[in-house]
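Reading through the structure tokens given below for one structure.
The values are calculated or read from the model by the stated rules, or taken from the named source; none is laboratory data. Note that the structure is a prediction, hence the values are computed from the model and not measured. Positions of Cβ are backbone-derived with ideal geometry, glycine not excepted, and every protein chain shown enters the neighbour counts.
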Amino acid sequence: MLRRAAPSRSALALRFAFLDAISASSPTDSKLMSNPTSSGVVTRFAPSPTGFLHIGGARTALFNWLYARHTGGKFLIRVEDTDRERSTEAAVAAIFEGLNWLGLESDAEVVFQHTRAPRHVEAVQEMLAAGRAYRCWMTVEELEVAREKARAEGRAIRSPWRDATDGDLSVPHVIRFKGPLDGETVVDDMVKGPVTFRNIELDDLVLLRADGAPTYNLAVVVDDHDMGVTHVIRGDDHLNNAARQSLIYKALGWDVPAFAHIPLIHGPDGAKLSKRHGAQAVGEFADLGYIPEGMRNYLARLGWGHGDDEVFNDEQAISWFDVADVVKAPARLDWAKLNHINAQHLRKADDARLTELALAAAEKRGESLPADARERIARTVPEVKEGAKTILELVDHCAFALKTRPLALEEKTQKQLTEETVERLKRLREQLASVASFDAPTLETALKTFAESEDVGFGKFGPALRGILTGGAPAPDLNKTMAALAREESLGRLDDALA
RNA sequence: GGUCCCUUCGUCUAUCGGUUAGGACGCCAGAUUUUCAAUCUGGAGAGAGGGGUUCGACUCCCCUAGGGACUGCCA
């Protein structure tokens, strides 16, 4: 089901006349139309490739993705690279790397906006022919003066060429939209509610630059229409643009899509997110050890909620998400809560996967690792993952198992190794050597049995044992620590210290 | 300057005219204890201010204050 326009008779006539004129040579909107979806909903994420994928952009993408999944619709991606000067290949790559890491992939081929320039120009020709656009020869200097004057008078800027009938076509000029001077435009926003703008306040924005290149405000409208986008979910910095864009839709005789302007994400201090707040790029969050599902959960909870639900999976998020429930106010990034949410997902994650992530993180850190690091981490991860908030913490928690014999003992441990304790630990060593299976539950029993047989509490040998096994590194319960080390390494470390 | 948006514990949020204003993170205290965490229990902690409307406002309206966006031949 496509969102076809329900244009007025005159607009329709103009449109068809124009399409006949350009006929087969120009790209038409039909080839971009996505296939019908069961719900008819089509959302999109339209990043501008001038930098990395910002955390705020990631959340915008997530909301679009969630809404499309929730409604059984489609999620599309379009790269807004009409500004050829500022768009870079590296940025495109970085954005997709971030999107892929988060698991947000387009349901159709990605559209690069700059390739659609002919179609954008086509739409402008149409508006020009219909008297809904005009050529403007204002110079940069004239514009500056006019802008200052308009600002001082507290009104929108108007070009003197708006009603001109002549002009030298051989001289470079822009083409502006000819907006209505009276009446008002209402953006019925799904998040903010109806927002009314008086048309007189809306300036005539440039559609085509002097070099003939389309501008953002023109390109979004044409592409969203051609791609069959039904719901435009984006940052609320575009709310003002929505009114101008609505006018363009109407001038073209097209249906205006539903708009949902979501508030931006701010830094912990409430100011716009910037470098001094730490990470901004999703790639940085990945490097800090956050995992995609944790990130998705946290991001979904920023500016949206479903009752008291805090920790949830994708399936739940998809079934619960609705744009109507998005919060109106901007949210602040809270690292502590991100850590907590991520920790919840980390403990549910598959051990083999965590092992690989931890190994990669350790290698990336440039740590010198034993040859059997993977095996050591694999044994340790199940015992320590409940205490880790990030992959980086997980690596820290594995550190004790990655040490190689003989371990350097802390001074504290050496002091604890009195003759009595050494003898006791030697007896313990013999007990441990004979346990049937070197797993945590069995070892726990063995330790308890040993303490009882010695008629002492753990305090009499636990700290020293720990020191010997870990060299002072943080580690889980002694039974788990030994299980992670396995029999040979555990006994070996004991022998090194008790010799 | 103009237009527009926003405002519940420190933070994220619930509430959609009637609640002791709920939950989560964080924080504090206690429990546990063989380190660091984790875990468990308890606690402190909020409707920006002022007017209305109403029998009754966090909830609806207005004003003020504060924050933000836009005001580009950037997106």
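Just a few scattered comments:
- Qualifying residue in segment A:418-427 (condition: under 32 Å from the mean Cα position of the chain (by Cα) and of a type in the set (A, V, I, L, M, F, W, C)): no
- Top-ranked residue in segment A:42-66 [being of a type in the set (Ser, Thr, Tyr) and within 16 Å of RNA strand B (Cβ to nearest atom); ranked as nearest to residue A:298 (Cα to Cα)]: A:60
- Test: residue in segment A:422-437 that is out of contact with any helix residue (DSSP H, G or I) (no Cβ under 7 Å at 6 or more places or on another chain) and closer than 30 Å to residue A:362 by Cα: yes
- For segment A:302-324, a residue qualifies if it is surrounded by 14 or more Cβ atoms within 10 Å (Cβ to Cβ), of a type in the set (Asp, Glu) and near RNA strand B (Cβ under 8 Å from one of its atoms), and exactly one does: A:310.
- Test: residue in segment A:389-398 that is in contact (Cβ under 8 Å) with a residue 12 or more places away in the chain, over 24 Å from residue A:297 (Cβ atoms), among the polar types (S, T, N, Q) and surrounded by 16 or more Cβ atoms within 10 Å (Cβ to Cβ): no
- Sole exception among (1) more than 11 Å from RNA strand B (Cβ to nearest atom); (2) surrounded by fewer than 18 Cβ atoms within 10 Å (Cβ to Cβ); (3) basic (Lys, Arg) for residue A:328, by number: (1)
- Residue list for segment A:459-495, restricted to those being without any contact (Cβ under 8 Å) to a residue 12 or more places away in the chain and either closer than 16 Å to residue A:377 by Cα or part of a loop (DSSP other than H, G, I, E, B) (or both): A:488
- Failed item, numbered, when residue A:350 is tested on (1) modelled with pLDDT of 95 or more; (2) surrounded by 13 or more Cβ atoms within 10 Å (Cβ to Cβ): (2)
- The set of residues in segment A:35-57 that are within 15 Å of the chain's Cα centre (by Cα), hydrophobic (A, V, I, L, M, F, W, C) and at pLDDT 95 or above comprises A:45, A:46.
- Condition check for residue A:281: within 12 Å of RNA strand B (Cβ to nearest atom), crowded, with 19+ Cβ neighbours inside 10 Å and among the aliphatic types (A, V, I, L, M): no
- Scanning segment A:45-103 for residues that are surrounded by 20 or more Cβ atoms within 10 Å (Cβ to Cβ) and small (Gly, Ala, Ser) returns A:46, A:56, A:57, A:58, A:61, A:68, A:73, A:98.
- Top-ranked residue of segment A:429-458 - restricted to ones that are among the β-branched types (Val, Ile, Thr) and not in a loop (DSSP other than H, G, I, E, B), ranked as nearest to RNA strand B (Cβ to nearest atom): A:445
- Of the numbered criteria (1) of a type outside the set (A, V, I, L, M, F, W, C); (2) closer than 16 Å to residue A:127 by Cβ; (3) in contact with a Lys or Arg (Cβ under 9 Å, 6 or more places away or on another chain), the one residue A:230 fails is (2).
- Selection from segment A:331-342 of residues that are within 7 Å of RNA strand B (Cβ to nearest atom) and of a type outside the set (D, E, K, R): A:331, A:336, A:339, A:340
- Residue list for segment A:148-187, filter: within 13 Å of RNA strand B (Cβ to nearest atom), surrounded by 14 or more Cβ atoms within 10 Å (Cβ to Cβ) and charged (D, E, K, R): A:158, A:176
- Residue list for segment A:167-205, restricted to those being without any contact (Cβ under 8 Å) to a residue 40 or more places away in the chain and more than 37 Å from the chain's Cα centre (by Cα): A:167, A:168, A:169, A:170, A:171, A:172, A:173, A:181, A:182, A:183
- Residues that are surrounded by fewer than 20 Cβ atoms within 10 Å (Cβ to Cβ) and closer than 30 Å to residue A:343 by Cα are absent from segment A:216-225 altogether.
- Subset of segment A:87-128 (residues that are over 26 Å from residue A:74 (Cα atoms), modelled with pLDDT of 95 or more and either in contact with a Leu (Cβ under 6 Å, 6 or more places away or on another chain) or not in a helix (DSSP H, G or I) (or both)): A:124
- So residue A:362, is it small (Gly, Ala, Ser) and buried (at least 22 other Cβ atoms within 10 Å of the Cβ): yes
- Residue A:142 vs. criteria surrounded by fewer than 19 Cβ atoms within 10 Å (Cβ to Cβ) and not in a helix (DSSP H, G or I): no
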